[in-house]
Amino acid sequence: MQVAEIFTTMSYGPSPESTANVDTWLENRRDGFGLFINGAWSASAKSLDSVNPINGKPLAKIAFADGADVDTAVKAARAAQPAWESLGGHGRARYLHALAQLLRKRMREFAVLESLDSGKPIGESSNVDIPLAIHHIHQHTGWAQLCEAEFPERRARGVAGLIISSDYPLLMAAQTIAPALAAGNSIVLKPSEKSSLSALMFAELCEEIGLPPGVVNIVTGDGSTGEYLTDHPDVDQLTVAGSAAVGRKIRYRTAGSGKTLALDLAGQLAFIIFDDADLDSAVEALVDAVCSNQGRPGAERVQLLVQESVETRLLEKLRTRVGKLRVGDPLDHNTDLADSVDSARFERVAGTADDSIHEELFRPLLSVMSFRLQSEAMEQANRGSYHQTACVWSENIDRAIDLATGLNAATVGINCHTFSVFGGEGVRDQLEKYLRPRREFSSGDAAAEEMPAAGAAEGAFTEDLLPIVRVGDSGQADIQGAVSAAARAASGVPRSGIRRAQVLYRLAENLSERADEFCWRLARATGVAEQAAKREVDASLVRFFTYAAWADNYDGAARQSVQRGIALALNQAIGVIGIGCPDHQPLLAPISLVAPALAMGNRVVLVPSEGNALAAPDYRRLLEQILAPSCIPDGVVNIVTGARDEILRTLAAHKQVNGIWYFGSAVGSQQIERAAAETLTHTWVNGGKFPDWFSRDEGEGRHFLREASRVKNIWIPGGE
C-alpha cells in the first residue's frame, strides 16, 4: 500500500459516550423534578418540559416556581444563614471540599447530562465545563478556610439570589455558588429553564453530603421566576449571568432596593491579529472562540480585527479550518458542533448576518474588519461597548502588552484564547462580592446636615480658567461640554502612578499655601466657627496626601492560572466619572471624592449640590485657583453647577460617562440607578447614608479606590 493510500483511508470513527447512567437517573424521575427548598423536594402548581435541543425530545418535567415558592425558598435561606455563617470558615470548607470530591466522582454523569440538556459536544462538557466547575469549588474551599484570617472584620451579606443563563450551566452555577457559600451566605439559585437539569443533579450532591437544610435552595422556572427572586425584599445580594438586555432590566428593577448587584453579562469578544502572529494558532483559537458552546461562546459578538497584509491569508486558513469541523452527535467525542434540528435558530442567525449585528443573539457568527496600524486596531476595538474579553496575537511582546493595557476590556489574552480561562476576576475578588464592606455608611439624611446650606450659584461663568469647565445653572449643552472635555482629556492623564502622585502632592501644597484664606471663606460661606473650618481644611490637606500616597502604591497582582502561564491583574481607571457632592463638608467631601478618582487616573465631572458652598462663585473660584497651577491636564477636572440630581441623571444616561458616584438622598440614589440601567454605567450611590468624612475608616481608603478602578487581567502563556 502506498503512503498516499494510507492517509486517504484514515478517518475518525465514531466514539460515542454512553448515556446509560443518566438515562436511568432520568427514568427514576419520570414523574418530574420538584423544587429543592430547605433540604427537601417540593411540588409546584405548574411544570415545564426540559427538551433536548438536538432532537427536540423531552428529557424531563421540571417544576415552575411561582412567587409563593420563591418566597418559601428565600425564607428558608434566611433562616439557615446565621447558623451557616457561625459554622466558621473551617466548617464551611469541609462541606465545600465534600461537594468538590463528590462532583469529581460523578463528573462523567454531569458531562453527559450537560450535553443532553444543552446540546454542546461531550468534549466540551467533559474536558472544560465540569473540570472547571470542580476547580472553582476547590479554590473556594481554600478561601472558606482562609476567610476569617483574611477578612477579620467582614461578614456575609446574608441571602444571595443567583440567576444564571443557559450557557455553561453547571460552570456558571459553581462560579456563583462557591464564593457565596465560602463567605457564609445562604443561596437561592434560579437556573435557566433551557438547561436546569445539572443544577438539580447538583442539589442531590448537597443532600448526599448532608449540607444543612436551607443553605442551598434551587427554584426552576422561566423569567417570571427570576423576577420574583429579583424583587424579593429579603434578598441581600443578587448575582446575574446573562445578556446585556437582562442586565438592564434587573438594574432598573433593583434600583433603590439596597441590594448589592453583581452582573456577569455577555459582552463583546475582540480578536486582534497582527501580521507577525502565528496564524495557524490564531485561527485554531478563533474557531474555538466562535464555535464553543454550540456557537454561544458567552459573547454577544465576536469581532475579528486583522492586519491588512495578512487578511487574505488568514481568511483562507479560517475557511479551510471551518470546513473541517465535524458536525454530528453531541455525545460523540469526535464532534465539534452538534447537528441541531432547531431550524428557527438557524434562520435567526442567517437573518442576523443579513441585517448586521444584533447584540442579544447568541450564535456562531463573526464580524471581520481589517486595519493597517496599531493605533487603528486600538481605535476600532475600543469603538462601541466594553469588552468582556479580548485577544491580541503578535510575536512582538512590547506591542502586545501595550495594546492589551489600552483595550477597553476586562480580560485580555496575549497569543491565547482567554475565554477558555473563565473569570476576569481573581478568586479573592469573587469572594469579596459576597462580603459586607469593612465600613458601611451609617448616618442618614438628617444626621448628615452638619452645616448650614450655602447660597446658590450666582449665574454662569464663561471665562476659561483651565483645567476647569465652569458653568452655572447648567443646560444640556453645558453638561455635554463638560463630558466632552473630560473624554478628550484621556490622552493627557499621566499613565504613571508616580506622576499622578506628584500632581496630588502639588494640590496639597497649593491648599496649604492658601489655608488661611480657605478657612476664612469656608467659615463665611457656611456660618461655622473658624476653628471648625480650620479642622476641615486640615483634613482636606491630609486627604490629598493620602491619595498621593495611594496613586503609586495601589498595586495589582500576578495570579496563578488554571492554564500554563501567568495572569497580570492591573488596577486601571474607569474613565469619566460624574460625582455628585453632598451639602455638608463643602471642601472635605469634594476633595475626598475627587482625590481617589484622580489618583487612579480618571477624569471627573464634579457636581456640587445646590446648597454646597462649592456652588457659590467666589468659593468655587478659590478652588479653581488650587487646581489650575497643579499640572492637571485640561479637562481632567470639570465643575458643573445647577440642579445636582437632574445633572447626575443626565450624566448617568450619557454614553461617554463610565461611572457615577452620588452622595445625596435615598430617592435620588434610586433615580440615578434607574437612569444608569440603560447604559449599564457603573454606579456608587449612598442610599441616603453618608460617611463620617473626617474618619479615616469611612471617609477614605481602599473602598474609594476600588470604586475608582476596575481590574484588568492580562493572560500571558508560557511553559509547557
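The values are calculated or read from the model by the stated rules, or taken from the named source; none is laboratory data. Please read all numbers here as calculations on a predicted model, not as lab measurements. So basically every Cβ, Gly included, is an ideal-geometry build from the backbone, and we count neighbours across all protein chains shown. When the accessible area is computed, the model is the full protein with side chains, heavy atoms only, and any ligands, DNA or RNA have been set aside. Shrake-Rupley method; radii C 1.70, N 1.55, O 1.52, S 1.80 Å.
When the residues of region 165-182 are filtered to those that are closer than 20 Å to Ser118 by Cα and touching a helix residue (DSSP H, G or I) at 6+ places or on another chain (Cβ under 6 Å), the one that is most open to solvent (accessible area, probe 1.4 Å) is Gln175.
You will find that of Val667, Val711, Val657, Val685, the residue that is surrounded by fewer than 17 Cβ atoms within 10 Å (Cβ to Cβ) and out of contact with any Lys or Arg (no Cβ under 9 Å at 6 or more places or on another chain) is Val667 and no other. Looking only at region 309-330, which residues are open to solvent by 60 Å² or more (accessible area, probe 1.4 Å) and farther than 30 Å from Leu113 by Cα? Matches in region 309-330: Ser309, Thr312, Arg313, Glu316, Lys317, Arg319, Thr320. Pairs meeting the criteria (first residue in region 57-72 and of a type outside the set (Asp, Glu) and in a helix (DSSP H, G or I), second residue open to solvent by 30 Å² or more (accessible area, probe 1.4 Å) and at pLDDT 95 or above, beta carbons under 7 Å, at least 6 apart or on different chains) are Gly67/Tyr228; Val70/Tyr228. Can you name every residue in region 647-697 that is among the β-branched types (Val, Ile, Thr), closer than 23 Å to Gly635 by Cα and touching a residue at least 60 places away in the same chain (Cβ under 8 Å)? Of everything in region 647-697, those that are among the β-branched types (Val, Ile, Thr), closer than 23 Å to Gly635 by Cα and touching a residue at least 60 places away in the same chain (Cβ under 8 Å) turn out to be Ile647, Thr650, Val657, Ile660. Within region 612-638, restricting attention to residues that are part of a loop (DSSP other than H, G, I, E, B) and at pLDDT 75 or above, the residue that is surrounded by the fewest Cβ atoms within 10 Å (Cβ to Cβ) is Cys631.
Tallying residues that are modelled with pLDDT under 85 and open to solvent by 30 Å² or more (accessible area, probe 1.4 Å) within region 404-427 yields 4.
Candidates Leu705, Leu680: the one that is modelled with pLDDT of 90 or more, under 23 Å from the mean Cα position of the chain (by Cα) and part of a helix (DSSP H, G or I) is Leu705.
One residue is enough: does region 639-654 have a residue meeting the conditions among the hydroxyl-bearing types (Ser, Thr, Tyr), under 19 Å from Gly481 (Cα atoms) and either modelled with pLDDT under 95 or assigned to a helix (DSSP H, G or I) (or both)?
Among the residues of region 639-654, at least one is among the hydroxyl-bearing types (Ser, Thr, Tyr), under 19 Å from Gly481 (Cα atoms) and either modelled with pLDDT under 95 or assigned to a helix (DSSP H, G or I) (or both), which makes the answer yes.
Of all residues in region 183-220, those satisfying the criterion of being at pLDDT 95 or above and surrounded by fewer than 18 Cβ atoms within 10 Å (Cβ to Cβ) are Glu204, Glu207, Glu208, Ile209, Gly210, Pro212, Pro213. Against the conditions (1) open to solvent by 10 Å² or more (accessible area, probe 1.4 Å); (2) in a helix (DSSP H, G or I), His140 satisfies every one except (1). Among residues of region 221-254 being part of a loop (DSSP other than H, G, I, E, B) and either over 17 Å from the mean Cα position of the chain (by Cα) or among the basic types (Lys, Arg) (or both), the one that is surrounded by the fewest Cβ atoms within 10 Å (Cβ to Cβ) is Pro233.
Among all residues of region 521-530, there is at least one that is assigned to a helix (DSSP H, G or I), in contact with a Leu (Cβ under 9 Å, 6 or more places away or on another chain) and surrounded by fewer than 19 Cβ atoms within 10 Å (Cβ to Cβ). Taking the criterion of being in contact with a Lys or Arg (Cβ under 9 Å, 6 or more places away or on another chain), modelled with pLDDT of 85 or more, part of a helix (DSSP H, G or I) and over 20 Å from Cys416 (Cβ atoms), the residues of region 278-336 that qualify are Glu308, Ser309. Is at least one residue of region 441-451 under 24 Å from the mean Cα position of the chain (by Cα) and at pLDDT 50 or above? Yes, because at least one residue in region 441-451 is under 24 Å from the mean Cα position of the chain (by Cα) and at pLDDT 50 or above.
Could you tell me whether any residue of region 547-554 is outside any helix (DSSP H, G or I), at pLDDT 90 or above and among the hydroxyl-bearing types (Ser, Thr, Tyr)? Yes: one or more hits.
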